[in-house]
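Below: one structure, written as structure tokens.
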Amino acid sequence: MLCYVSLFPPLWESVRATVQRITLLAPASTEKGQWRPFIDIYEGNGSWRKVAIPTDDGINMIQPTLWESEKGCISALMRTNKEKIYRSDSHDGGNSWCRAYPTEMPNNNSGIDLAKMDDGTLALVCNPVGDNWGARSPISLFLSHNQGGHQQVDARIAYNEIDLVLLFTDPNTTDPWDNAQMIETIRSCDKNNVPVATNLASAEMLIMGLQRGDLDWREMIRNKPVY
């Protein structure tokens, strides 16, 4: 497509100045030798600058996906061969990054993607499989904040996809009955006959019962047809 734009000189200077103030961050990686992630930065001057994300030797890490938590504070998640999603953070707009560190999210060395929604919620799509080159299923969506955590757990409780729930708090500093999210999770467990423990003693009993098969009767509920 060929476009012709006619602007008065003062207006064109304004547009050019605006374009030059734009900073673009393009996540990328190399797969020659050890896989390493990096960020290409464009600052409106017609050229790109490569900034490496520091990684430990022996860790293959590629395909970073980015989000900005606040102005100038950017984080990256990467797939790896270490059965975990790794993360790195920048506090200067992507010009420097901390050494990548593991998160709790399992990864099978398959691609991931993340998007930040208008309300600030992060949506992460991945295969939550902790096995290098493991099965690329299921494909799962994880949400942050209240959209994730409790709401996703409550949804899995409602569909009988969880065998038991361990819900711990510090009784010296937290009153669970003042926490609406915790109350809703406990209510969901009661409604769907999902065992729930709120302290170590009851948790140990439930785990031992699960190992012995004491909770196998729940399979009848899980597989009960819906009419």
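Being at negative phi and surrounded by fewer than 16 Cβ atoms within 10 Å (Cβ to Cβ) is the filter; apply it to region 53-88 and report the residue that is modelled with the highest pLDDT.
From region 53-88, those at negative phi are 53-57, 59-62, 64-71, 73-82, 84-88; that's our starting set.
If we keep only those that are surrounded by fewer than 16 Cβ atoms within 10 Å (Cβ to Cβ) as well, we get 54, 56-57, 68-71, 73.
Values: 54: 97, 56: 94, 57: 92, 68: 93, 69: 86, 70: 85, 71: 88, 73: 94.
Ranking the qualifying residues of region 53-88, first place goes to 54.
Which residues, counting only those in region 21-76, are aromatic (Phe, Trp, Tyr) and more than 14 Å from residue 90 (Cα to Cα)? Break it down into steps so the answer makes sense when it comes.
Here is the first cut: in region 21-76, the ones aromatic (Phe, Trp, Tyr) are 35, 38, 42, 48, 67.
Of everything in region 21-76, those that are aromatic (Phe, Trp, Tyr) and more than 14 Å from residue 90 (Cα to Cα) turn out to be 35, 42, 48.
Among the residues of region 173-191, are any over 30 Å from residue 59 (Cβ atoms), among the small types (Gly, Ala, Ser), touching a Lys or Arg at 6+ places or on another chain (Cβ under 9 Å) and not in a loop (DSSP other than H, G, I, E, B)?
No, the conditions are met nowhere in region 173-191.
Is it the case, given these coordinates, that residue 115 is in contact with a Leu (Cβ under 8 Å, 6 or more places away or on another chain) and of a type in the set (Gly, Ala, Ser)?
Values: in contact with a Leu (Cβ under 8 Å, 6 or more places away or on another chain): yes; of a type in the set (Gly, Ala, Ser): yes.
Spelling it out, residue 115 is indeed in contact with a Leu (Cβ under 8 Å, 6 or more places away or on another chain) and of a type in the set (Gly, Ala, Ser).
Within the group 157, 139, which residue is at pLDDT 80 or above and surrounded by fewer than 15 Cβ atoms within 10 Å (Cβ to Cβ)? Break it down stepwise before answering.
On the way: 157 fails: surrounded by fewer than 15 Cβ atoms within 10 Å (Cβ to Cβ).
Answer to the selection: 139.
Tell me which residues, restricted to region 48-64, are touching a Gly at 6+ places or on another chain (Cβ under 9 Å) and more than 11 Å from residue 35 (Cα to Cα).
Residue satisfying the conditions is 51 alone.
When the residues of region 97-150 are filtered to those that are over 16 Å from residue 61 (Cα atoms) and of a type in the set (Ser, Thr, Tyr), which remaining residue is nearest to the chain's Cα centre (by Cα)?
Among those residues, the one meeting the criterion is 144.
The values are calculated or read from the model by the stated rules, or taken from the named source; none is laboratory data. As the structure is a prediction and not an experimental result, all values here were calculated from the model. Every residue, glycine as well, gets a Cβ built from its backbone with ideal geometry; the counts of neighbours run over all protein chains shown.
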